[in-house]
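Enquirer: Dumping the structure here so I can ask a few things about it.
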Amino acid sequence: MDAKDILGLPKNQLPIAQEKKSRPQKETQRKPDGVSREVYALTGGLAPLMPSTDVSQLKKRPPSDEKITWQWLHFTNSARKDNLHLYHWVRVVNGVPPTGDYSFAKYNKSVDVVKYTNEEYEKYLTDPMWTKEETDQLFDLCERFDLRFIVIADRFPSSRTVEELKDRYYSVSRAILIARAPSPGDVSVHPLVKEPYNVSQETERKRALSMVLSQTKQQERKDAEVLAEAKRIAEARMAARAAEEHVLPVASQMGLESSQKAVVHGDTVSPSVNVQLPSIAFAPSTSVMADSASTLASLRMLMTDWKNFQLRVYLRTYALEQMVQAVSSSAGLRTIKRVEQTLQDLGVNLKPKVPTKAVCAEHLELRKEILTLLNLQKQLQYKEAEGSSYREGSYIDMPGTPKRSLRGENQDRTFVPDTMSFGGDRVVKRDQKRKGPGRLSEAPSSPAHKRPRKLKASDM
Amino acid sequence: MTYAVTDTMEADNMPDDSVSAAKPQHIIKICQIGDDNEKKTIISRLKDVEISVPIAYGTIAFHLGRKASESQSHKWTVYVRGATNEDIGVVIRRVVFQLHPSFNNPTRVIESAPFELSECGWGEFEIAISIFFHSDVCDKQLDLFHNLKLYPEDESGPHSNKKPVVVESFNEIVFPEPSEGFFARVQNHPAVIVPRLPAGFKLRSPVDNVIEKEKRHMKDHPFSQWFTKFSEADELLKLAAARQQVQAHIVKLKRQLSVMEGMPQPSNPANGNECT
């Protein structure tokens, strides 16, 4: 107990462990009285679901006035037709053997297959597709195999499908029934007459069934989706129809069509976007839009039209995060870090402290403007790098020039620091990296290196 | 949930607003079929209308001073309140605070305003706050998280039980497509920000005049002296200033770029590195 206390373990055992302990104890207690322990254990320690004999019967002894002997006696089986004489042990009570038929004879059931005469065949049963021989063979097989058509089809001499055989058998039986019936009314209740066998339907049904069974998992899923869509569309149509009664029918027709289009569009897009976050799927379209109005509209679309992620309620900060992600999706991680650094330098919180609608809108616009600014800076750097590499006439004339001038340009680009007074500590790192490959052109690059710097200094 | 857009109603006389454009506004009602409880009810929602509720939530912790013990050194309260201390019970049905499992019954349910919970303890942990709304507002809950802070930043002075440690966060709960009933119910409530609808717009359900039987706002709350007054003005000013600065830089850079483009272009084979 103390050890448990020290370790911080719960003093009481977990309830599951407790249950396990009590259960095996209970089971051995519940051993029934009429059965010995070993015998009961043979059944696995559990009582059978439905005891075949009453337990009390096991201990019962036969009444003492009866004298029981067991004798090896002959018996007859009414189910057999060949008068085979067999023997078995019989329980004889007071010298009187038991009477009655063999106890298993009652299970010898068979089907009543219709037997037609030749005249009946001539009169009712002729069929262009079937010869009399075949029909006779069929019926013989039917009787032998108790209407097990799969077996019959297998044994049938000429190849016929199961459906054909069934069709022939049932139509013949039906015809005979109707022919033999004293009046049509008598037989109309008979199932054969009421529902005749329909070959085409049966073949179709079996084909469809095999198709369904052999469907792959993907197909199953697709089918389920399509059905769900259909259900939704049907419900939407019903809703529209019901809503029409409530609302004035101003351009309701147009509304219906557009809604159906919207529903369909949403539905066709949604399966592919099932698990993705809406912002990720959304990003490609937002990178095209530049206006604040359109981004607001797109946010609305994000929040309302996506059926899978229809948000009935959300926090303003969540919305802002999504929008920021959407806007920054086209930018690399480095750029995003630079944006955040810029915000900090400007004295703005990365996440607004008072995120009202207006504040969030302003924050978003600020971020976008910073992105524009950074892009412009980059453009300017490239332009200057081009310009400066042109000015260095010396290393353009050297052999193998184009490659080197390219490399020089690359170096220039990396050596130029960030223009603003805020930001740009990555310059040092890049310097160190590039020193390796470009050593030959190190000297000529430094004047170029200096000039861009000068320009930038004058900005401030 | 399935829904269909059915109707566009136009406002006849749109008052000339400096904020909105002069063209007539279309308020589209969406009739939504609710799938819950096997009963298909039709809820009519207002599209492109947004209702927001500004809230402040957080904790306030008092050191117990002389009465403090090892296991109970602080008395703290976690709460959700309207940002301007108005009654948010009109929108919120109940709040569930999920405390650290070492507390008895760590799931605490607060069924009415003020939505707050007080406890005594010694440790700091994260509290999960789940907000449930009235049935005509929203059937989904909203989850927030807040870290309970007991000890102030500077551990310099002795623990004073006069000045509590207050940590609050501001946020706005936004309902993008409110139901008509909800809109009608709250359109004149001080705790809720509701946009102005065009003049000719008719709401189906009549507006209930909320009879304030009991004042359930937090204006007279004992803690109200420590509540942060969240003002968006500061942040807006800062943001506006920052934007101006950035815009000025952008103009300068653009000018520089155009100057550079005016310079004679070199016929450099490696010129194809222009970025767009």
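Enquirer: Pairs A:K109/A:K206; A:K353/A:K383; B:K162/B:K229; A:K59/A:K109; B:K149/B:K238; A:K81/A:K132: which are spaced more than 31 Å apart, C-alpha to C-alpha? It would help to have the intermediate numbers written out before the result.
Expert: On the way: A:K109/A:K206 29 Å; A:K353/A:K383 39 Å; B:K162/B:K229 20 Å; A:K59/A:K109 37 Å; B:K149/B:K238 28 Å; A:K81/A:K132 29 Å.
Correct reply: A:K353/A:K383; A:K59/A:K109.
Enquirer: Lys and Arg at +1, Asp and Glu at -1: add these up for the other residues within a Cβ distance under 11 Å of B:E111 and post the number. Can you show the working numbers first?
Expert: Details: positive: B:R93, B:R94, B:R108; negative: none.
After counting each charged neighbour, the total is +3.
Enquirer: What average count of beta carbons from other chains do you get within 10 Å of the Cβ of residues in B:129-138? Kindly include the intermediate steps, with their values, before the conclusion.
Expert: Working: counts 0, 0, 1, 0, 2, 0, 0, 0, 2, 3.
Whole-number average of other-chain Cβ neighbours for B:129-138 is 1.
Enquirer: When you look at the Cβ of every residue in B:253-261, what mean number of other chain Cβ atoms sits within 10 Å? Present the calculation step by step, with values, prior to reporting the outcome.
Expert: Values: counts 10, 4, 0, 10, 5, 0, 1, 7, 1.
Mean partner shielding for this stretch: 4.
Enquirer: Quantify how strongly other chains surround peptide A:355-365 by giving the mean number of their Cβ atoms within 10 Å of each of its Cβ atoms. Before the final figure, lay out each step's value.
Expert: Working: counts 8, 12, 8, 5, 9, 4, 2, 9, 5, 1, 3.
If you average over the peptide's residues, the count of other-chain Cβ atoms is 6.
Enquirer: Using θ = phi - 60° and the Karplus curve 6.51 cos²θ - 1.76 cosθ + 1.60, what whole-Hz ³J(HN,Hα) does each residue of the stretch A:357-371 get, with Gly and Pro shown as x?
Expert: 4, 5, 4, 5, 4, 4, 4, 5, 4, 4, 4, 5, 5, 5, 4
Enquirer: Run the numbers on the stretch B:104-200 and let me know its relative contact order in percent, using alpha-carbon pairs under 8 Å that are six or more apart. List each step's numbers first, then the result.
Expert: Values: 60 pairs, mean separation 18.0, N = 97.
So the answer I get is 19 percent.
Enquirer: Let me know the shape class of the stretch A:135-212, please: from the alpha-carbon gyration tensor, a ≥ b ≥ c as square roots of the eigenvalues, rounded when a/c is under 1.5, otherwise prolate if a/b is greater than b/c, or oblate.
Expert: Working: a/c = 2.78, a/b = 1.35, b/c = 2.05.
Since a/c reaches 1.5 but b/c is at least a/b, the shape of the stretch A:135-212 is classed as oblate.
Enquirer: How far is it, in nm, from the label point at A:A228 to the one at A:H190 when both lie 7 Å from their Cα along the line to the Cβ?
Expert: 5.2
Enquirer: If you add up the charges near A:W130, with Lys and Arg at +1 and Asp and Glu at -1, over every other residue whose beta carbon is less than 11 angstrom from its beta carbon, what do you get? Could you put the intermediate results ahead of the total?
Expert: Details: positive: A:K132, A:R160, A:R168; negative: A:D127, A:E133, A:E134, A:D136, A:E164, A:D167.
Net of charged neighbours comes to -3.
Enquirer: Between B:T41 and B:E126, what is the label-to-label distance in nm when each label sits 7 Å out along the Cα-to-Cβ direction?
Expert: The answer from the label model is 3.5 nm.
Enquirer: Considering only the other residues whose Cβ falls under 14 Å of the Cβ of A:E163, what net charge follows from Lys and Arg at +1 and Asp and Glu at -1?
Expert: Numbers: positive: A:R160, A:K166, A:R168, A:R205, A:K206, A:R207; negative: A:E164, A:D167, A:E202, A:E204.
That sum, taken over residues with Cβ under 14 Å, equals +2.
Enquirer: Let me ask something else about it. Quick check: residue separation of B:S69 and B:S112 times 0.36 nm, minus the Cα distance between them. What number comes out in nm?
Expert: Values: separation 43, 0.36 × 43 = 15.48 nm, distance 3.17 nm.
Here the answer is 12.3 nm.
Enquirer: Provide the FRET efficiency to the nearest 0.05 for the B:N147-B:R196 pair, computing r from the beta carbons and using R0 = 35 Å.
Expert: On the way: r = 38 Å, r/R0 = 1.09.
For B:N147 and B:R196, the calculated efficiency is 0.35.
Enquirer: Shifting gears a bit: For the pair B:S224 and A:I336, what calculated FRET efficiency results from E = 1/(1 + (r/R0)^6), where r is the Cβ-Cβ distance and R0 = 45 Å, to the nearest 0.05?
Expert: Details: r = 40 Å, r/R0 = 0.89.
According to the calculation, E is roughly 0.65.
Enquirer: Which of the listed residues, A:F139, A:T76, A:V90, is farthest toward the dipole's positive end in the stretch A:40-158, when Lys, Arg count +1 and Asp, Glu count -1 at the beta-carbon?
Expert: The residue sitting farthest along the positive end of the dipole is A:V90.
Enquirer: Evaluate E = 1/(1 + (r/R0)^6) for B:Q187 and A:E321, where r is the Cβ-Cβ distance and R0 equals 22 Å; express this FRET efficiency to the nearest 0.05. Can you show the working numbers first?
Expert: Working: r = 29 Å, r/R0 = 1.32.
For B:Q187 and A:E321, the calculated efficiency is 0.15.
Enquirer: Now for a separate question. Relative to the present Cα-Cα distance, how much length would full extension add between A:S56 and A:N94 at 0.36 nm per residue of separation? Could the numbers behind the result be given before it?
Expert: On the way: separation 38, 0.36 × 38 = 13.68 nm, distance 2.44 nm.
Here the answer is 11.2 nm.
No lab work stands behind these numbers, since they all come straight from the coordinates. The structure displayed is predicted, hence computed values, not measured ones. Here the Cβ is made from the backbone with ideal geometry for all residues, glycine too, and neighbour counts use every protein chain on show.
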